[in-house]
């Protein structure tokens, strides 16, 4: 199901977020992504104009302080041996895209995507902070839109799929969860020509577990995923985001090797309830996300 005007839900009342210290260090970040810029963008683009909190966590993962170490790293050494092709879903204001593009080499490619009406905002912001270096491109992609996906496949993935799919703060509206998963399944069916395993990187802030947990239950049937760990200044390893004011996770996922032959159901409700996964028509779910939550509770985190 395609949702219209999803960036302007009824009674929309959101305020800009405040850039954290890591993002603020970037050239022109305050001008392009600061409070005043977000206020203008929210008026024109609604939800897409705001920088959502999980974007700050992902930006830190991409370009961390020198005394931070991550496991797994944002891009593995094996992936760095080949050209990297990344596609971001729901790029919004472009903060994450801009952060990543700055770290890439001329041989690499980053495809920022969002609804067609949001692409002008992406063009404006990404070009403002990356000097139009040619590594980044912007394309329309509405989740669940077969035509948009096929256009991307024709233009960029005729010889193999992306090496990375980036998803920052995308799990929130229940009506968008199935189209998001459907798009991830379509793109991840295209294996990278480099031979490395495609990675899907999620940055996720919990807002309503009751509404969002169904996505993770369905995702885990098709993808393996694990949380990113961080070591700061020689301290012990811990889950990145565990000390955030609001519960935040970064997950690195990869397609389950036996899932490529499973039939993806046409019905969104069936997809979210596991129909087709494991090659059967029964409803089912995966408990990976639930296990991570229980582990986090044991470590003293509180979820609502």
One residue is enough: does the stretch 89-102 have a residue meeting the conditions surrounded by fewer than 16 Cβ atoms within 10 Å (Cβ to Cβ) and assigned to a helix (DSSP H, G or I)? no
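Would you call residue 75 assigned to a loop (DSSP other than H, G, I, E, B), closer than 18 Å to residue 249 by Cα and modelled with pLDDT of 95 or more? Break it down stepwise before answering.
Numbers: assigned to a loop (DSSP other than H, G, I, E, B): yes; closer than 18 Å to residue 249 by Cα: yes; modelled with pLDDT of 95 or more: yes.
Answer is yes for this residue.
Only one of these is closer than 28 Å to residue 274 by Cβ and either assigned to a helix (DSSP H, G or I) or touching a residue at least 12 places away in the same chain (Cβ under 8 Å) (or both): 192, 106, 120. Name it.
192
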Based on what the data block shows, is residue 48 surrounded by 14 or more Cβ atoms within 10 Å (Cβ to Cβ), at pLDDT 95 or above and over 21 Å from the mean Cα position of the chain (by Cα)? no
In the stretch 240-255, which residues are closer than 13 Å to residue 61 by Cβ and surrounded by fewer than 18 Cβ atoms within 10 Å (Cβ to Cβ)? 244
If you go through the stretch 5-16 one residue at a time, do you hit one that is modelled with pLDDT under 90 and over 21 Å from the mean Cα position of the chain (by Cα)? yes
Tabulated pairs, the stretch 30-48, first farther than 13 Å from residue 121 by Cβ, second part of a helix (DSSP H, G or I) and at pLDDT below 95, C-beta under 8 angstrom, 6+ apart or interchain: 30/24; 31/128
Given the condition surrounded by fewer than 19 Cβ atoms within 10 Å (Cβ to Cβ) and assigned to a loop (DSSP other than H, G, I, E, B), answer yes or no: does some residue in the stretch 173-187 qualify? yes
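Being exposed (fewer than 12 other Cβ atoms within 10 Å of the Cβ) and in contact (Cβ under 8 Å) with a residue 24 or more places away in the chain: is that true of residue 233 here? So that I can check it myself, show each step before the final result.
On the way: exposed (fewer than 12 other Cβ atoms within 10 Å of the Cβ): yes; in contact (Cβ under 8 Å) with a residue 24 or more places away in the chain: yes.
Considered against the rule, which asks whether it is exposed (fewer than 12 other Cβ atoms within 10 Å of the Cβ) and in contact (Cβ under 8 Å) with a residue 24 or more places away in the chain, residue 233 comes out as yes.
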Do we find that residue 166 is touching a residue at least 60 places away in the same chain (Cβ under 8 Å) and crowded, with 17+ Cβ neighbours inside 10 Å in this structure? yes
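So is residue 6 in contact (Cβ under 8 Å) with a residue 60 or more places away in the chain, assigned to a loop (DSSP other than H, G, I, E, B) and either more than 30 Å from residue 271 (Cα to Cα) or out of contact with any helix residue (DSSP H, G or I) (no Cβ under 6 Å at 6 or more places or on another chain) (or both) or not?
Yes.
Would you say residue 212 is farther than 25 Å from residue 110 by Cβ and either crowded, with 17+ Cβ neighbours inside 10 Å or touching a strand residue (DSSP E or B) at 6+ places or on another chain (Cβ under 8 Å) (or both)?
Judged against the criteria, residue 212 is a match.
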Filtering the stretch 123-147 down to residues that are outside any loop (DSSP other than H, G, I, E, B), in contact with a strand residue (DSSP E or B) (Cβ under 8 Å, 6 or more places away or on another chain) and in contact (Cβ under 8 Å) with a residue 24 or more places away in the chain yields 126, 130, 136, 137, 138, 139, 140
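The values are calculated or read from the model by the stated rules, or taken from the named source; none is laboratory data. Keep in mind that what you see is a predicted model, and the values were worked out from it rather than measured. Here the Cβ is made from the backbone with ideal geometry for all residues, glycine too, and neighbour counts use every protein chain on show.
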